[in-house]
Amino acid sequence: MSGNPGQLRVDAVGPVSDSAAALPAPAVELTDVAARLGGHRVFSYVTLTVRPGEFVALLGPNGAGKSTLLKVILGLVGHTTGTVTVLGAPAGRRNRAIGYLPQRHAFDADTRIRGIDIVRLGLDGHRWGTPVPLLSRLLRPAHHRQAGQRLAEVIDLVGAGAYARRPIGQCSGGEQQRLLIAQALIRRPELLILDEPLDSLDVPSQAGISALIQDICRTQRVAVLMVAHDVNPILPYLDQVIYLARGGAVMGRPAEVITSDTLTTLYGTPVDVLRDRAGRLVVVGQPDAPAHHPGPSR
Amino acid sequence: MQPHLSWDLVEDVRQMLAFPFMVNALRAGTLVAVVAGAIGWVMVLRRQSFAGHTLAVVGFPGAAAAIWLGVATGWGYYGACIASALVIAALPPSARRGGLGGFGEESALIGTVQAFALACGFLFVSLYHGFLSGLTNLLFGTISGVTGTQVQVLLLAALPCLVVLAVLGRPLLFASIDPDLAGARGVPVRLVGALFLLMLAVAAAGTSQITGSLLVFALLVTPAATAHRLTARPALGVGLSVGFALVASWVGMTVAFYSPYPIGFWVTTVTFAGYLLATGWRLAADRVGQRRRPGSAVASAAARGMPA
Amino acid sequence: MSGLAALGVLRTGGHDPASGLAHMLSHPFIVHALVAGTAVAAVCGLAGYFVVLRGQVFAGDALGHVAYTGALAALAAGIDPRLGLFAATIAVGFGLGLLGGRGAANDVAIGTIFAWVLGLGVFFLAYYTTHASTGNSTANVTVLFGSIFGLSAGAAATAALIAVGLTALLLLIGRPLMFATLDPAVAVAAGVPVRLLGPLFLALVGATAAEATQVIGALLLLGLLAAPAAAAQHLTDRPWTGLWLSAGLAVTSVWAGVTITYAAPRIPASFAIIAVATALYATALLTPRLRAGPGRTTIRPGAASPDPSRAAAAGRSASGGRDAVSDGRDLGRPRGRPAGGRRRPAAAAAGGPR
């Protein structure tokens, strides 16, 4: 499989869904997509589908282009081949219906803006104008009330009620992520895209956030696409995984994709998947991308 | 009366030195350049350039108040700068900042302090009748107002400064490069830092009398920054810094003597030109080195990415 | 002769404040000063809030220097100083914005450049005073420290109109600018033109600096940009409340400053205004934080530990790491902090330099 780019298309492995007849329209559909960044081909021949209500993880070694793939879906980075359909339109058109949680560092501890205000920005931060604190309550009371209700709803949904009114710089990593998820959810998105949200969290927070995301995925029928570099914290919650490599991608159920055979085929070098006593998966031998990949995409 | 520049440079210098105020000015300029060059080099290493600038700016209301009260400006300059340095040194570490532009909050504080200091200086100048012409001298420097007493005071201030710098040399260097490790090895980092701030205050006060409170950067920072561009070795760096400051000071004063344009402009221009040349030389040297070693693209990219 | 009398304080005698105020407002020069001053203060407060939030105070400092040089260059060229003032500050502001708008990476270079710019201004000053036919010796002071009472009716009206226009523009981009400041990546995905807003905002700050130069001078305008905004950010953690509070504090400073100068004419107006702004800021700093929730500990982002002792230790060690920064040193990544644990409101969509 190595050295022959034309043959590196590895499509979905195994049955993708139970009954093909009742499938809802996919939230994200990529067919044979390749992308370049900074003159280098980041990935090529990626084909994947994410359906509403599915919790899908995008995995792969550093530099494989996971963040770039998210940016292609958001229309922030162009793609050179193939088609990208997001919520029934070309990439970038329906971003208002997408909740995006980019890879961020934590807010500086000096940031004295309240978490709830940052969540509020997700609702209409893109609209021109400047809110005057009392005026909106007087001039457009219904709109103001609705916005307030939605804000309270979404903060309750993520369980951030206790610290939403605290300056966000003083919240812990897990608390900040919950608030930022609330920001991503406030417009009732159909698709939720998260870029390594569990990165700097401790284990209990990772479990909590993962459970929260799955809960949202099920109850709100949101399609969730999450980039992670470690599959273990989210493994119990996943419906599908996508493994990304320079040559292409593999998509399917975790049990089918994360196997030694599948990954060896994908990467073209021997890769082993082992299970430890606690049931955690360890992927050994996965090659990192070559040195001149584009810098950390943030 | 505008002295004339002729082609005979020796004669020009002799003509210039016939004026006692120029002799004073050159003596003062030499002393200031030596102190500013040496201390400035350490200051740039410690990334405290804006602390130095702020200390100098605070000297302006001090000098203005001194004039209003009828005493020599030296009291005002040194008094205000040293007092401010003591205040900064006495602040707890979490409140003290030396950099600029990082956290919006702290640079807002520094900016406010500078604006308030300048406003106070303007108040004192306004209260003292008929000194508005002196305002320009206080802010932008002058070569014609340096008295013999000022030169003596500069000498008295410079000598201990240099002595302390020499004595503190190695621990100061250590504490500047690696405060945590130095602290662990027994260097009294906070004390060393406080002493350095005091020396910086003296240097800033002295430099203000030549370049004016607003243009202290020209002698205190730019020659040192130029030296840092060219070498990382301490002894050579300090030497270069002092050298550049001396050249800027002498050339600036001489040109200011012969032209209608004030010394502040000349000194900033000379040092800025030197800085640009050094930067250009560094970039060219990097590129030549890069071409000789084609495989080290990552290394040189990393080197370029590092703060200069 | 008492000290107050030396300052020229009027004996107010039995005047009550209302009639005193009416008396003050009966003077046309006061009215002009207040009209221009209020409008300029409002835009300084609003723009300043974003300047401090975005960590771009250095740009305010730099633009002050550019304002001086621009005005004096225009004077030396024999044209209206305001032309040079606005042209220089807007152009440099836009340029700074294009360069990424954040100067922390190499502050020595920036300080050097703008120190030279100031020196260049002195060159133009000397040229102007030696070559100009009407050698106006107070021009230097006017540009450096402003002349709020020296504004004619026409100049005051022009300044006020421009300030109102700048305010309108700023209010138009307020929400997207806040979004781009606090959350640039999400803002870009939501369609906010973050890359355009950066330079546009700094150009606006440049124009604001030009306006403020006429009122309080190139050297002091940083005080009116930074102090009310920083005070507001201390007093409240609601962004929009803070924004309007900043404008209010700036306008208060101007009104109080003008009143003080009216009562004690020997005190220059620009000093009084800056002094009030500084006093308000100092008061705000001394105000204890009002929102102390129960059991709240300062937990470092990323430490994510609910254990208060660990959190306190993390807070201490992290502030120890930041002491390394506060001593002036910065090796590019502060010691003692997790590798991915720091972020500032970054203006550029391409992400912060660190």
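The values are calculated or read from the model by the stated rules, or taken from the named source; none is laboratory data. Bear in mind that the values here come from a model prediction, so they are computed numbers and not experimental data. Quick reminder, even Gly has a Cβ in these numbers, built from the backbone with ideal geometry, and neighbours come from all protein chains shown.
Only residues that are surrounded by 23 or more Cβ atoms within 10 Å (Cβ to Cβ), within 14 Å of chain C (Cβ to nearest Cβ) and among the aliphatic types (A, V, I, L, M) were counted in region B:61-87, giving 2. Scanning region A:186-219 for residues that are more than 9 Å from chain C (Cβ to nearest Cβ), part of a helix (DSSP H, G or I) and over 18 Å from A:GLN103 (Cβ atoms) yields A:VAL203, A:ALA207, A:GLY208, A:ALA211, A:LEU212, A:GLN214, A:ASP215, A:ILE216, A:CYS217, A:ARG218, A:THR219.
Considering region B:242-256, the residues that are crowded, with 24+ Cβ neighbours inside 10 Å and in contact with a Pro (Cβ under 9 Å, 6 or more places away or on another chain) include one that is farthest from C:THR129 (Cα to Cα), namely B:PHE244.
The one condition from (1) surrounded by 14 or more Cβ atoms within 10 Å (Cβ to Cβ); (2) within 12 Å of another protein chain (Cβ to nearest Cβ); (3) of a type in the set (Val, Ile, Thr) that A:VAL154 does not meet is (2). When A:GLY38 is tested against (1) more than 14 Å from A:LEU244 (Cβ to Cβ); (2) away from chain C (no Cβ under 14 Å); (3) modelled with pLDDT under 85, exactly one condition is not met: (2). Among the residues of region B:191-206, are any touching a helix residue (DSSP H, G or I) at 6+ places or on another chain (Cβ under 9 Å), within 25 Å of C:PHE124 (Cβ to Cβ) and touching a residue at least 60 places away in the same chain (Cβ under 8 Å)? Scanning region B:191-206 turns up no residue that is touching a helix residue (DSSP H, G or I) at 6+ places or on another chain (Cβ under 9 Å), within 25 Å of C:PHE124 (Cβ to Cβ) and touching a residue at least 60 places away in the same chain (Cβ under 8 Å). Listed by first and then second residue, the pairs linking a residue in region B:38-52 that is closer than 19 Å to B:SER213 by Cα and without any contact (Cβ under 8 Å) to a residue 24 or more places away in the chain to a residue that is surrounded by fewer than 24 Cβ atoms within 10 Å (Cβ to Cβ) and among the basic types (Lys, Arg), with Cβ atoms under 9 Å apart and 6 or more places separating them unless they lie on different chains, form an empty list.
Taken over region A:41-59, the residue count meeting the criterion of being at positive phi and modelled with pLDDT of 85 or more is 1.
Among the conditions (1) at the interface with chain C (Cβ under 7 Å from one of its Cβ atoms); (2) of a type in the set (D, E, K, R); (3) surrounded by fewer than 22 Cβ atoms within 10 Å (Cβ to Cβ), A:ARG93 misses just one, which is (1).
Screening B:LEU240, B:LEU219 for residues that are modelled with pLDDT of 90 or more and either more than 29 Å from B:GLN15 (Cα to Cα) or hydroxyl-bearing (Ser, Thr, Tyr) (or both) leaves exactly one candidate, B:LEU240.
Output the residue which, of all residues in region C:252-272 that are of a type in the set (Val, Ile, Thr) and under 16 Å from C:GLY146 (Cβ atoms), is nearest to the chain's Cα centre (by Cα).
We begin by selecting, within region C:252-272, every residue of a type in the set (Val, Ile, Thr); these are C:252, C:254, C:258-261, C:267.
Checking the rest, the ones that are also under 16 Å from C:GLY146 (Cβ atoms) come to C:254, C:258, C:260-261, C:267.
Values: C:VAL254: 14, C:VAL258: 19, C:ILE260: 22, C:THR261: 22, C:ILE267: 22 Å.
Restricting to residues being of a type in the set (Val, Ile, Thr) and under 16 Å from C:GLY146 (Cβ atoms), the top hit is C:VAL254.
The set of residues from region B:166-214 being within 19 Å of B:GLY239 (Cα to Cα) and among the polar types (S, T, N, Q) comprises B:SER176, B:THR207. Comparison of C:THR138, C:THR167, C:THR181 shows that the only residue that is hydroxyl-bearing (Ser, Thr, Tyr) and without any contact (Cβ under 8 Å) to a residue 60 or more places away in the chain is C:THR138. Close contacts from region A:107-129, counting a first residue that is farther than 24 Å from A:ARG188 by Cα and a second that is aromatic (Phe, Trp, Tyr), with Cβ to Cβ under 8 Å and a gap of 6+ residues or different chains, come to A:ASP108/B:PHE103; A:ASP110/B:PHE103. A single member of A:ILE258, A:ILE168 is in contact with an Asp or Glu (Cβ under 9 Å, 6 or more places away or on another chain), of a type outside the set (Ser, Thr, Tyr), more than 25 Å from A:VAL86 (Cα to Cα) and modelled with pLDDT of 85 or more, and it is A:ILE168.
Annotation for region C:235-244: no member residue is within 12 Å of chain B (Cβ to nearest Cβ), crowded, with 24+ Cβ neighbours inside 10 Å and within 14 Å of the chain's Cα centre (by Cα). Step by step: first the residues of region B:47-60, then only those that are at the interface with chain C (Cβ under 10 Å from one of its Cβ atoms) and at pLDDT 90 or above, then the one that is nearest to B:GLY193 (Cα to Cα). Which residue is that? Filtering first and then ranking leaves B:VAL57.
In region B:172-279, counting only helices (runs of 4 or more DSSP H) that sit wholly within it, the ones holding 1 or more residues that are of a type outside the set (A, V, I, L, M, F, W, C) span B:179-184, B:189-211, B:222-230, B:234-258.
With respect to the conditions (1) over 25 Å from C:LEU144 (Cβ atoms); (2) of a type outside the set (Asp, Glu); (3) within 10 Å of another protein chain (Cβ to nearest Cβ), C:LEU169 falls short on a single one, namely (3).
Identify, from the list A:LEU76, A:LEU37, the residue that is within 16 Å of the chain's Cα centre (by Cα), more than 22 Å from A:ASP230 (Cα to Cα) and surrounded by fewer than 22 Cβ atoms within 10 Å (Cβ to Cβ). The unique qualifying residue is A:LEU76.
Kindly list the number of the only condition in (1) over 21 Å from A:LEU194 (Cβ atoms); (2) free of Cβ contacts under 8 Å to residues at least 24 places away in the same chain that fails for A:ARG93. Just one mismatch for A:ARG93, condition (1).
Filtering C:ALA218, C:ALA269, C:ALA210, C:ALA230 for residues that are more than 11 Å from chain B (Cβ to nearest Cβ), touching a residue at least 24 places away in the same chain (Cβ under 8 Å) and crowded, with 24+ Cβ neighbours inside 10 Å leaves a single hit, C:ALA210. Between A:LEU212, A:LEU180, the distinction of being in contact (Cβ under 8 Å) with a residue 12 or more places away in the chain, surrounded by fewer than 21 Cβ atoms within 10 Å (Cβ to Cβ), touching a Lys or Arg at 6+ places or on another chain (Cβ under 8 Å) and within 19 Å of A:VAL154 (Cα to Cα) belongs to A:LEU212 only. Whenever a residue of region C:108-133 is more than 8 Å from every other protein chain (Cβ to nearest Cβ), its partners that are hydroxyl-bearing (Ser, Thr, Tyr), lying with C-beta atoms within less than 8 angstrom and at least six residues away or across chains, give the pairs C:VAL117/C:THR69; C:GLY121/C:TYR68; C:GLY121/C:THR69; C:PHE124/C:THR69; C:THR129/C:SER137. For the condition of a type in the set (Val, Ile, Thr) and more than 22 Å from B:ALA205 (Cα to Cα), what is the one hit in B:THR271, B:THR222, B:THR231? Only one candidate qualifies: B:THR231.
Which of the residues spanning region C:165-212 are of a type in the set (Ser, Thr, Tyr) and at pLDDT below 95? Scanning region C:165-212 gives a single hit, C:THR181. Using beta carbons and a limit of 8 Å, which pairs, at least six apart or on different chains, have the first residue in region B:259-273 and facing chain C (nearest Cβ under 8 Å) and the second one crowded, with 24+ Cβ neighbours inside 10 Å and part of a loop (DSSP other than H, G, I, E, B)? Cβ pairs passing all conditions: B:PRO262/B:GLY141; B:GLY264/B:GLY141; B:GLY264/B:GLY212; B:VAL267/B:GLY141.
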